[in-house]
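The next block holds one structure in the form of structure tokens; read it before the comments.
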Amino acid sequence: MTSSFGRRRLLYGAGAAAAATTLAACGLGGEDGGPDSGRSRLRAAFSAGGSQETLDPHTVPLFIDQARAKALYDSVLTYKDDMSVQGRLAESWESDRSGTRWHIHLREARFHDGRPVTAADVLWNYCRIADPATVAVSQQLFAAVDFEASRAQGRDLTLVLKDPDFEFPTALGAPGTEIVPAGTTDFTRPIGSGPFRYGSFRPGGNALFTAWRDHWSGGPHMDELEFVPVNDERARLGALLSGQVHYAHDLSGASAAQVTRRKGVSLLQTRLSTMQAILLRLNRAPFDDHRLVEAFTLGLDRKALVEVALSGRGTPGNDLFGMGLHGYPDSLPPRQRDVDRARALLKEAGAEGLAVPLETSDADPSWRNASSLIADQLSDIGLKVTPHTRSAGTYFGEIKTKGVAAQSRTATLPVITHLRSRLVTGASDNLTGYRSKPFDRLIAQATGTRDDAVRLELLARAQRLAREDDGQLVWAFSDWIVGHADSVGGLRAAPPNSCDWARFDRARLS
């Protein structure tokens, strides 16, 4: 541990207290009727996106967007903790033997204005998501649907695919696939079929939703749900400890330690929930030279990063997404640090003493400390890494076009979704520029294979291939940490993007 890191940890606790004071001065309590109105209201603090926020469920990239969408709307399928699918609006789903025709039968459900949720509504939503003009977060997952050939009647939907795809149900549970009434274009007072109804919302500000008792699942156990935007992680901790909110999302390991020392508050902590990675741009100098990619890889001390940057609340990564999930190849040996080999590679490439900027931000509470430690570790092999801090609000958009090395994180998703959206040639979120025809062929062959065991072996071969040269250096899987007041019951630890993550309709206030 460096002396600079030690000072940063000491300042951390003081920052939390100061942030809580600032939050209180802004008057978070009691607005819009507030908790004093006699109605039970759960207040949940999330990091937010500012004035560009919307309640359009198809264009929601942030966790607060997804949590609000989960409250207002329903999706057809959703994910279990291991990212396998389970029904939500769908009672059943199955394909024909070709894997090109998927039949979905919907449960009986209604929108908040009383209209039934129909297969025609669902088909219209998927067509809107697939339209590039919508700029939907899940657009790529529906690009292979033949909407001219697909059919909807009553509560029965048939989706026709251009190619066989036995992994297609994962698309129906993906973030950003919630269902709104067909033809919806105005989301200022949206109508959904979720367990909460719209109350009020201001982009970048609070959102207030009210319980909908007629929801097919029976409805929430509280009267109101309020989302409170608090971007600073220390301020979220402070708001929880001071009793201003009942729920504080996405806390760091250091904050978790503070929660465990206080009475009246508790943690929900889920292992292996978030991939922490450095993304190297393979199509730009200096990382168009594979020797530098390998040197960077061998220079990382992953155990030290977990112990220091994550305060021990994580697991060393092995340069692949999805540890612990269905489809992850478990038999790979752990990546070992090798300083001598890394130094030799740099010397061979004529890159000793090379300066490398590392893009980072406060988008993840662990990155500042992790970036400093990575710079220290790589100085041992002869690289001069300098963290370059960008705004958290624009970070993920900026690193798509800027920089050569960047911190990144990915929450839990089905393994196949990650492989198709991040590593296939030309995929929209392929930020490393990885291009491999053998990898692409294995992915296409796997998704078109009906036999589960054969499909998993093909996916394992594809992942072993990518691990060696895809530029995605997975240094850890951090635990997902949420703090909550002990007065809140009915919640459980669950990975982000799963059905039970941010399930406020099941929460109870005492």
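The values are calculated or read from the model by the stated rules, or taken from the named source; none is laboratory data. Here the structure is a predicted model, which means the values were calculated and not measured. Quick reminder, even Gly has a Cβ in these numbers, built from the backbone with ideal geometry, and neighbours come from all protein chains shown. Only protein heavy atoms, including side chains, enter the accessible area calculation; ligands, DNA and RNA are left aside. Shrake-Rupley method; radii C 1.70, N 1.55, O 1.52, S 1.80 Å.
Conditions tested, residue by residue: (1) outside any strand (DSSP E or B); (2) open to solvent by 10 Å² or more (accessible area, probe 1.4 Å); (3) aliphatic (A, V, I, L, M).
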| site | (1), (2), (3) |
| --- | --- |
| SER193 | yes, no, no |
| GLY204 | yes, yes, no |
| ARG213 | yes, yes, no |
| GLU226 | no, no, no |
| ASN231 | yes, yes, no |
| LEU237 | yes, no, yes |
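Of THR425, THR386, which residue is farther than 13 Å from ASP470 by Cα and open to solvent by 30 Å² or more (accessible area, probe 1.4 Å)?
On the way: THR425 fails: farther than 13 Å from ASP470 by Cα.
One residue alone meets the criteria, THR386.
Considering each residue of segment 172-217, count those that are of a type outside the set (S, T, N, Q) and closer than 30 Å to THR158 by Cβ, and give that number. Working first, answer last.
Filtering segment 172-217 for residues of a type outside the set (S, T, N, Q) gives 172-176, 178-183, 186-187, 189-192, 194-199, 201-205, 207-209, 211-216.
Okay, now just the ones that are also closer than 30 Å to THR158 by Cβ, so 172-176, 178-183, 186-187, 190-192, 194-195, 212, 214-216.
Count: 22.
Quick check on LEU237: is it of a type outside the set (Asp, Glu) and either within 26 Å of the chain's Cα centre (by Cα) or within 30 Å of SER366 (Cα to Cα) (or both)?
In short, yes.
State the number of residues belonging to segment 101-113 that are open to solvent by 30 Å² or more (accessible area, probe 1.4 Å) and out of contact with any helix residue (DSSP H, G or I) (no Cβ under 9 Å at 6 or more places or on another chain).
6
For the subset of segment 270-285 comprising residues that are farther than 20 Å from ARG302 by Cβ and open to solvent by 30 Å² or more (accessible area, probe 1.4 Å), which member is farthest from the chain's Cα centre (by Cα)?
ALA285
Considering (1) touching a Ser or Thr at 6+ places or on another chain (Cβ under 6 Å); (2) open to solvent by 30 Å² or more (accessible area, probe 1.4 Å), say which one PRO116 fails and leave the rest.
Evaluating PRO116 over (1) touching a Ser or Thr at 6+ places or on another chain (Cβ under 6 Å); (2) open to solvent by 30 Å² or more (accessible area, probe 1.4 Å) leaves (1) as the failure.
Scan segment 348-362 and tell me whether some residue there is assigned to a loop (DSSP other than H, G, I, E, B) and closer than 29 Å to PRO414 by Cβ. Working first, answer last.
Looking only at segment 348-362, we keep the residues that are assigned to a loop (DSSP other than H, G, I, E, B), and these are 350-354, 362.
If we keep only those that are closer than 29 Å to PRO414 by Cβ as well, we get 362.
Yes, segment 348-362 contains at least one residue that is assigned to a loop (DSSP other than H, G, I, E, B) and closer than 29 Å to PRO414 by Cβ.
Considering only residues of segment 366-387 that are of a type outside the set (Lys, Arg) and over 24 Å from LEU345 (Cβ atoms), which is farthest from the chain's Cα centre (by Cα)? Reasoning before the result, please.
Narrowing segment 366-387 to residues of a type outside the set (Lys, Arg): 366-367, 369-383, 385-387.
Subsequent filtering for residues that are over 24 Å from LEU345 (Cβ atoms) retains 366-367, 369.
On the way: SER366: 16, TRP367: 16, ASN369: 21 Å.
Taking the candidates together, the pick is ASN369.
Are any of the residues in segment 402-411 buried (at least 21 other Cβ atoms within 10 Å of the Cβ), more than 30 Å from PRO132 (Cβ to Cβ) and modelled with pLDDT of 95 or more?
No: segment 402-411 contains no residue that is buried (at least 21 other Cβ atoms within 10 Å of the Cβ), more than 30 Å from PRO132 (Cβ to Cβ) and modelled with pLDDT of 95 or more.
Would it be correct to say that ALA309 is among the small types (Gly, Ala, Ser), touching a helix residue (DSSP H, G or I) at 6+ places or on another chain (Cβ under 6 Å), closer than 27 Å to THR260 by Cβ and surrounded by 14 or more Cβ atoms within 10 Å (Cβ to Cβ)? Steps first, please.
On the way: among the small types (Gly, Ala, Ser): yes; touching a helix residue (DSSP H, G or I) at 6+ places or on another chain (Cβ under 6 Å): yes; closer than 27 Å to THR260 by Cβ: yes; surrounded by 14 or more Cβ atoms within 10 Å (Cβ to Cβ): yes.
Against the criterion (among the small types (Gly, Ala, Ser), touching a helix residue (DSSP H, G or I) at 6+ places or on another chain (Cβ under 6 Å), closer than 27 Å to THR260 by Cβ and surrounded by 14 or more Cβ atoms within 10 Å (Cβ to Cβ)), ALA309 qualifies.
Where the second residue is among the charged types (D, E, K, R) and open to solvent by 10 Å² or more (accessible area, probe 1.4 Å) and the first is under 19 Å from TRP501 (Cα atoms) and lies in segment 50-74, which pairs have Cβ atoms under 6 Å and are six or more apart or on separate chains?
PRO57/GLU178; ALA69/GLU178; TYR73/GLU178; ASP74/ARG88
Residue by residue through segment 255-265, note down the ones that are touching a helix residue (DSSP H, G or I) at 6+ places or on another chain (Cβ under 8 Å) and either crowded, with 22+ Cβ neighbours inside 10 Å or assigned to a loop (DSSP other than H, G, I, E, B) (or both). Step through it out loud before you land on a result.
Going through segment 255-265, the residues touching a helix residue (DSSP H, G or I) at 6+ places or on another chain (Cβ under 8 Å) turn out to be 255, 258-259, 262, 265.
Within segment 255-265, SER255, ARG262 qualify.
Which numbered condition in (1) closer than 26 Å to TRP212 by Cα; (2) surrounded by 19 or more Cβ atoms within 10 Å (Cβ to Cβ); (3) at pLDDT 95 or above; (4) within 28 Å of the chain's Cα centre (by Cα) is the only one that ALA182 fails?
Condition not satisfied by ALA182: (2).
Tell me which residues, restricted to segment 150-172, are of a type in the set (A, V, I, L, M) and surrounded by 19 or more Cβ atoms within 10 Å (Cβ to Cβ). Give the derivation first.
As a first pass, look at segment 150-172 and keep what is of a type in the set (A, V, I, L, M): 152, 157, 159-161, 171-172.
Hits for segment 150-172 are ALA152, LEU157, LEU159, LEU161, ALA171, LEU172.
Can you report the number of residues in segment 452-510 which are among the hydrophobic types (A, V, I, L, M, F, W, C), within 23 Å of TRP212 (Cβ to Cβ) and open to solvent by less than 50 Å² (accessible area, probe 1.4 Å)?
Total satisfying the criteria: 8.
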